[in-house]
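J.: Got a structure for you, written out below as structure tokens; questions coming shortly.
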Amino acid sequence: WHRWPRHAKRHREKWLREKPYEIVEVDYNAFAQAYHASGKRNRSTRILWLRILQHYVEMRQNNAHFFGARDPVSQKIMAGLAIVNYPDIHQSVHMVSFIHPKAEHTSVGTGLIDHSFQHGLKNGITLMNFGVFWQKGDPKSWKNYSLFKTQFNPYFIAYPKPLYKIVWPTRQNGQSDQSSLYLKIMWKRALRRIPRQSGVKRALVLGLGAG
């Protein structure tokens, strides 16, 4: 955190000084319940991300970690951060985070990031992967959180525009079942939202060094 900009340092100092919540590691079920209670994004998106997290819990049980900011009075989780560690490459991947509306006036977001850095240092993690960064043409809902992540001394890596190839299920008797048809419609809608400007790049945000 010594290389963080002043703004992030101020929020870290405020968090350490006030600490309105205690950050604890919780299990998947407690994280999922708090994530839904936060009302962040829409329900379908939350369910999708929770299914992805559940997959990591099943496949990398000892390396999936769920941090929750718990209210010492009500014992409710007011904010959370889910990460997955890859000890073999000394990397930690930022998966899902949320803040309950009642906690948005605090510095709990910075507190969770700081906690994940400390966790990484204790577990031999040297690279904090913060995921995709917003660029022109991406959904506006990404923008504010992307700006938040830039506070933590990231190094940006640009990737060329991805190539998508959709392989549809094999038809039986010349017809597709309803689930296959629904999937096809949803994919077409999703692909229409992908920016088509030439030269569009995706930036992967990487925090170099957990300290």
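J.: Only one of (1) open to solvent by 60 Å² or more (accessible area, probe 1.4 Å); (2) within 18 Å of H105 (Cβ to Cβ) is not met by G80, so which one is it?
T.: G80 satisfies all of (1) open to solvent by 60 Å² or more (accessible area, probe 1.4 Å); (2) within 18 Å of H105 (Cβ to Cβ) except (1).
J.: Here is a further query. Going by what's in this entry, would S146 be described as open to solvent by less than 80 Å² (accessible area, probe 1.4 Å) and at pLDDT below 90?
T.: Criteria met by S146.
J.: Find all pairs meeting these conditions: Cβ atoms under 9 angstrom apart; at least six residues apart or on different chains; first residue within segment 45-57 and farther than 16 Å from D27 by Cβ; second residue assigned to a helix (DSSP H, G or I) and among the small types (G, A, S).
T.: Close Cβ pairs (under 9 Å, with a partner that is assigned to a helix (DSSP H, G or I) and among the small types (G, A, S)) amount to R46/A32; R46/S38.
J.: List pairs: first in segment 131-157 and free of Cβ contacts under 8 Å to residues at least 40 places away in the same chain, second assigned to a helix (DSSP H, G or I) and open to solvent by 40 Å² or more (accessible area, probe 1.4 Å), Cβ under 7 Å, 6+ apart or cross-chain?
T.: W134/W142; W134/K143
J.: Another question about this same structure. Determine whether H55 is open to solvent by 60 Å² or more (accessible area, probe 1.4 Å) and in a helix (DSSP H, G or I).
T.: Yes.
J.: Quick one: count up the residues across segment 21-35 that are within 15 Å of K102 (Cβ to Cβ) and either open to solvent by 60 Å² or more (accessible area, probe 1.4 Å) or touching an Asp or Glu at 6+ places or on another chain (Cβ under 8 Å) (or both).
T.: Result for segment 21-35: 1.
J.: Would segment 128-142 turn up any residue that is closer than 23 Å to R6 by Cα and either polar (S, T, N, Q) or part of a loop (DSSP other than H, G, I, E, B) (or both)?
T.: Scanning segment 128-142 turns up at least one residue that is closer than 23 Å to R6 by Cα and either polar (S, T, N, Q) or part of a loop (DSSP other than H, G, I, E, B) (or both).
Results for (1) more than 20 Å from S146 (Cβ to Cβ); (2) of a type in the set (A, V, I, L, M), shown as yes or no for each residue.
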site	(1), (2)
R3	no, no
E13	yes, no
A32	yes, yes
W49	no, no
L53	yes, yes
Q61	yes, no
Q75	yes, no
P87	yes, no
H94	no, no
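J.: Continuing with the same structure: Considering only residues that are over 25 Å from Y56 (Cα atoms), open to solvent by 20 Å² or more (accessible area, probe 1.4 Å) and either at pLDDT below 85 or touching a Cys at 6+ places or on another chain (Cβ under 7 Å) (or both), which ones fall in segment 94-140?
T.: Answer for segment 94-140, where residues must be over 25 Å from Y56 (Cα atoms), open to solvent by 20 Å² or more (accessible area, probe 1.4 Å) and either at pLDDT below 85 or touching a Cys at 6+ places or on another chain (Cβ under 7 Å) (or both): Q135, K136, G137, P139, K140.
J.: Here is a list of conditions, (1) under 15 Å from V26 (Cα atoms); (2) touching a His at 6+ places or on another chain (Cβ under 7 Å); (3) not in a strand (DSSP E or B), and F67 meets all of them except one; can you say which number that is?
T.: Among (1) under 15 Å from V26 (Cα atoms); (2) touching a His at 6+ places or on another chain (Cβ under 7 Å); (3) not in a strand (DSSP E or B), the lone unmet condition for F67 is (3).
J.: Just to be sure, is L48 open to solvent by 50 Å² or more (accessible area, probe 1.4 Å) and not basic (K, R)?
T.: Answer is yes for this residue.
J.: Pull out all pairs, ordered by first then second residue, where Cβ-Cβ is under 7 Å, the residues are six or more apart or on different chains, the first lies in segment 75-96 and is in a loop (DSSP other than H, G, I, E, B), and the second is surrounded by fewer than 18 Cβ atoms within 10 Å (Cβ to Cβ).
T.: H90/G124; H90/T126; H90/L127
J.: Separate question: Are any residues in segment 94-148 within 21 Å of L48 (Cβ to Cβ) and of a type in the set (D, E, K, R), and if so, which ones?
T.: Across segment 94-148, the qualifying residues are D138, K140, K143.
J.: Can you say whether H7 is part of a helix (DSSP H, G or I), open to solvent by 50 Å² or more (accessible area, probe 1.4 Å) and in contact (Cβ under 8 Å) with a residue 60 or more places away in the chain, as far as the supplied structure shows?
T.: Here the answer is yes, as H7 does meet what is asked.
The values are calculated or read from the model by the stated rules, or taken from the named source; none is laboratory data. Quick caveat: nothing in here was measured; it's all calculated off a predicted structure. All Cβ positions, even for glycine, are placed from backbone atoms using ideal geometry, and neighbour counts span all protein chains on display. Protein only, heavy atoms only, side chains kept; ligands, DNA and RNA dropped before computing areas. Shrake-Rupley method; radii C 1.70, N 1.55, O 1.52, S 1.80 Å.
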